[in-house]
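S.K.: Have a look at this one before I ask anything.
The values are calculated or read from the model by the stated rules, or taken from the named source; none is laboratory data. Note that the coordinates shown come from a computational prediction; the quantities given were computed from them, not determined experimentally. With ideal geometry, Cβ positions are generated from the backbone for all residues, glycine too; neighbour counts draw on all protein chains shown. Surface accessibility is based on the protein's heavy atoms, side chains included, excluding ligands, DNA and RNA. Shrake-Rupley method; radii C 1.70, N 1.55, O 1.52, S 1.80 Å.
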Amino acid sequence: MTKETSTAIKADQMFINFGPQHPSTHGVLRIALTVEGEVVIKARPDVGYLHRGMEKLFEARNYSQALVLTDRLDYTSAMHNNLAYCLAVEKLAGIEAPLRAQYIRVLVSELNRIASHLVFFGTFGVDMGAFTPFLYAFREREMALDLFEMLCGGRLLYSYMRVGGVSADLPPGWIEKCREFITFFKPRLKDYDTLLTSNPIFRSRTEGVGVIGAERAVSWGLSGPSLRGSGVNFDVRKNDPYCVYDKMNFTVPLGKTGCCFDRYYCRMLEMGQSAEMVLQCLDALSGAELNPGEVMAKGVPKMFKPAAGQAYAHVEASRGDLGFFAVSDGGLNPYRMHVRGPSFINVAILQEILAGCKIADVVAVLGSLDIVLGEVDR
Amino acid sequence: MGIVLDNLSKIETLPGGEIALATSDSLINWARTSSLWPLTFGLACCAIEMMAAYAARFDFERMGVFPRPTPRQADVMFVAGTVAKKMAEPIIRIYKQMPEPKFVIAMGGCANCGGPFYDSYSVVKGVDKIIPVDVYLPGCPPRPEALMYAVIKLQEKIRKMKVKNGSGATPLQATGSRKLS
């Protein structure tokens, strides 16, 4: 905001509570806005309205029970949370999942990324005033959820992964159903482009709004599509591959300027890449070289005591770099479990980029960062 | 008028069929059950299932359930998710902002009793500790069909309401929200 614009329209300062009950905060985030007319001069995100004491609760559960809590962190991409937790505990206990389980893990992770980005696509459209994309996004999402339901019975929170593998092999007919879904889904990405991406109102509300430069994005510790929208090529799947991502053939979409539109479009392109990866996993899983039925490491008891020590594992979740830091004192329960939630770190940058925005842009910036409050507040 | 007459109970049509008589209760309750407008208010995981209920496959709107973003226009509040202690006060405020008659559906284990966070230091163990609840819906998270069932149960409850007993379904609602203990 330049000096000229602030003096051109003289207005008193006003304090606005954006949230915790607001349809565009995607949960219960509160942003304390100080505005002068239409221009935001100060913004302070206030988190903690969904603080559930998750990290403390981990200490009161054993390693198998704690898995259930991880679902409820980032509830739109529960598989990634499961995976990050399992990888951390497996590292701690020195367990390795069978290859088939690792392929299934990548498969469900990417499927979940599609489902999660579809929620983003739908809600971001609603935030920008376009309701129709929401209905399309959820139509496709329901199909992905049907696949998860076949797999583990859950629609939203799966607890499908286990320490040492996954809870069950793919049910009969699942691979064909999944292929059907991907064949249906891939042309839909073009529909989304016609529906929302090429919409002039949407473009003018997102392009050049909430610009985060590459340097600033790195210094605030952003990760995931919010970081890659600024053109920084960092993806845990490429930079620190886990499971079988080193065998996958995919590209990492990057934005240019780091505006809301770039972040949005990164996610849209990521969905296409995820669909490709799902197909690659399906090809590998339908072959005979990965022993069907072998989805759990042998001899992992339900209750186990990892040796005293610590381990950190991270995955590329839908919203960024999700890490679990597990400390064991040799007991049944974790001694300490810390979650590096990407949403929590991404939400911090709001205080810097919102200053100078118009009030209407607050929703655009917030929506484009795609935070989930379960992960922010934990 | 045909649909209206079919839906109203205790209806009497005079010979000739030009005048129909019904009790005011049945007329008011019919109107209330047919357009339950909930507050667009999601707390946690259950909110995503609530969104799914509004969306393409489940199409909540065919039941007259249409989300409103402000409590001043809402009839029913779906408490969809974990009620953290910090959120308790805003929830009471939102509840008080809703016009009578107002209803609350506690959606999911967390809103019922704390759910998987039953031993957490920062979670209100059930939203009924702070506001009166009409329908408890179990599940973690409940499916969208379950949410529809909860709305049907609430409609059944509303049909039994009587204007002379105050505006709410329960006596508690006539006196407003409970105090935080």
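S.K.: Kindly report the accessible area of the protein assembly as shown per residue (heavy atoms of protein chains, probe 1.4 Å, no ligands, DNA or RNA), in Å². Can you show the working numbers first?
M.R.: Values: 22170 Å² over 559 residues.
I get 40 Å² per residue for this part.
S.K.: Largest first, what is the accessible-area ranking of A:ARG155, A:ARG139 with a 1.4 Å probe? Could the numbers behind the result be given before it?
M.R.: Numbers: A:ARG155 15, A:ARG139 85 Å².
From most exposed to least exposed: A:ARG139, A:ARG155.
S.K.: If you don't mind, another one. Net charge near A:ILE353, counting Lys/Arg +1 and Asp/Glu -1 over other residues with Cβ under 12 Å of its Cβ?
M.R.: Working: positive: A:ARG216, A:ARG263; negative: A:GLU352, A:ASP361.
That works out to 0.
S.K.: Once both labels are modelled 7 Å past Cα along the beta-carbon direction, what's the A:ALA288-A:THR194 spacing in nm?
M.R.: Here the modelled spin labels are 4.5 nm apart.
S.K.: Same structure again: Given B:LYS102/B:LYS129; A:LYS190/A:LYS358; A:LYS91/A:LYS298; B:LYS129/B:LYS160; A:LYS358/B:LYS86, which pairs have Cα atoms separated by over 19 Å?
M.R.: Values: B:LYS102/B:LYS129 17 Å; A:LYS190/A:LYS358 31 Å; A:LYS91/A:LYS298 16 Å; B:LYS129/B:LYS160 25 Å; A:LYS358/B:LYS86 29 Å.
Where the Cα-Cα span goes over 19 Å, the pairs concerned are A:LYS190/A:LYS358; B:LYS129/B:LYS160; A:LYS358/B:LYS86.
S.K.: How large, in percent, is the carbon and sulfur part of the accessible surface of segment A:54-347 at a probe radius of 1.4 Å? Show your work: numbers first, answer last.
M.R.: Working: 5660 of 10270 Å².
Heavy-atom surface of segment A:54-347 belonging to carbon and sulfur, 1.4 Å probe: 55 percent.
S.K.: Let me make sure I get this right: for segment A:193-246, a, b and c are the square roots of the gyration tensor eigenvalues over alpha carbons, sorted descending. Under 1.5 in a/c it's rounded, otherwise prolate if a/b > b/c, else oblate. Which is it?
M.R.: Values: a/c = 4.43, a/b = 1.59, b/c = 2.79.
Judged from the Cα gyration tensor, segment A:193-246 comes out oblate (a/c at least 1.5, b/c at or above a/b).
S.K.: If one takes the longest principal axis of the Cα atoms in chain A, at what angle in degrees, from 0 to 90 and to the nearest 10, does the Cα axis of helix A:359-369 lie?
M.R.: 20
S.K.: Now a separate question. Below 12 angstrom from the Cβ of B:ALA146, what's the summed charge of the other residues (Lys, Arg +1; Asp, Glu -1)? Mind dumping the intermediate values first?
M.R.: Working: positive: A:ARG155, B:ARG143, B:LYS153; negative: B:GLU49, B:GLU145.
Local net charge: +1.
S.K.: Run the numbers on chain A and let me know its relative contact order in percent, using alpha-carbon pairs under 8 Å that are six or more apart.
M.R.: Working: 751 pairs, mean separation 104.1, N = 378.
Relative contact order here is 28 percent.
S.K.: Still on this structure: Which Cα, out of A:ALA168, A:LEU50, A:LEU285, lies furthest along the positive dipole direction of chain A (beta carbon charges, K/R +1, D/E -1)?
M.R.: A:LEU50
S.K.: Using only helices, what value at 222 nm comes out for chain A when you add -39,500 (n - 2.57) per DSSP H run of length 4 or more and divide by the total residues, to the nearest 500 deg cm²/dmol? Present the calculation step by step, with values, prior to reporting the outcome.
M.R.: Values: 16 runs with 180 residues, N = 378.
The per-residue figure over chain A is -14500 deg cm²/dmol.
S.K.: Okay, next question. Residues of segment A:330-352 with amide nitrogen under 12 Å from the 7 Å Cα-to-Cβ point of A:LYS238?
M.R.: So the set is empty, nothing qualifies.
S.K.: Using only Cα atoms and rounding to the nearest 10 degrees, what angle (0 to 90) does helix A:260-286 make with the longest principal axis of chain A?
M.R.: Taking the Cα atoms of chain A, the angle to A:260-286 is about 10 degrees.
S.K.: Just which residues of segment A:38-73 lose 40 Å² or more accessible area with every protein chain there, against their chain alone, with the probe set to 1.4 Å?
M.R.: A:TYR49, A:LEU50, A:HIS51, A:ARG52, A:LEU57, A:ARG61, A:ARG72
S.K.: Given a 1.4 Å probe and the protein chains all in place, what does the accessible area of B:ILE11 round to, in Å² to the nearest 10?
M.R.: Surface open to solvent at B:ILE11 totals about 60 Å².
S.K.: In peptide B:120-129, what is the residue-averaged number of other protein chain Cβ atoms found within 10 Å of each Cβ?
M.R.: Mean inter-chain Cβ contacts per residue within 10 Å come to 3.
S.K.: Rounded, prolate or oblate: which fits segment A:129-223 when a ≥ b ≥ c are the square roots of the eigenvalues of the alpha-carbon gyration tensor, with rounded for a/c under 1.5 and prolate only if a/b beats b/c? Could you put the intermediate results ahead of the total?
M.R.: On the way: a/c = 2.94, a/b = 1.50, b/c = 1.96.
Here segment A:129-223 falls in the oblate category.
S.K.: Same structure again: Which order do you get for A:TRP174, A:TRP220 if you rank them by accessible area with a 1.4 Å probe, largest at the top?
M.R.: Details: A:TRP174 0, A:TRP220 70 Å².
Correct descending sequence by accessible area is A:TRP220, A:TRP174.
S.K.: Two decimals is fine: what is log10 I(q)/I(0) at q = 0.06, 0.08, 0.13 Å⁻¹ for chain A, from a Debye sum with one equal scatterer on every Cα and no solvent?
M.R.: The calculated log intensity ratios at q = 0.06, 0.08, 0.13 Å⁻¹ are -0.23, -0.41, -1.04.
S.K.: A further question follows. Students often check this: by mean Cβ neighbours within 10 Å, which of A:262-274, B:138-150, A:13-25, B:56-68 ranks highest, and how do the rest follow?
M.R.: Working: A:262-274: 22.5, B:138-150: 19.3, A:13-25: 17.6, B:56-68: 15.8.
Result, highest mean Cβ count within 10 Å first: A:262-274, B:138-150, A:13-25, B:56-68.
S.K.: Please label the shape of segment A:176-313 as rounded, prolate or oblate, based on the square roots a ≥ b ≥ c of the eigenvalues of the alpha-carbon gyration tensor (a/c under 1.5 means rounded; beyond that, a/b larger than b/c means prolate, else oblate). Walk me through the intermediate numbers first.
M.R.: Numbers: a/c = 2.97, a/b = 1.43, b/c = 2.08.
Oblate shape, in that a/c is at least 1.5 and b/c is the bigger or equal ratio.
S.K.: Find the sum over both chains of the accessible area lost when A and B are paired, probe 1.4 Å, and report it in Å² to the nearest 100.
M.R.: Numbers: alone 15140 and 10000 Å², together 22170 Å².
By this definition, chains A and B bury close to 3000 Å².
S.K.: Provide the net charge surrounding A:GLY320, with neighbours chosen by a C-beta distance below 11 Å and charges set as Lys +1, Arg +1, Asp -1, Glu -1.
M.R.: -3
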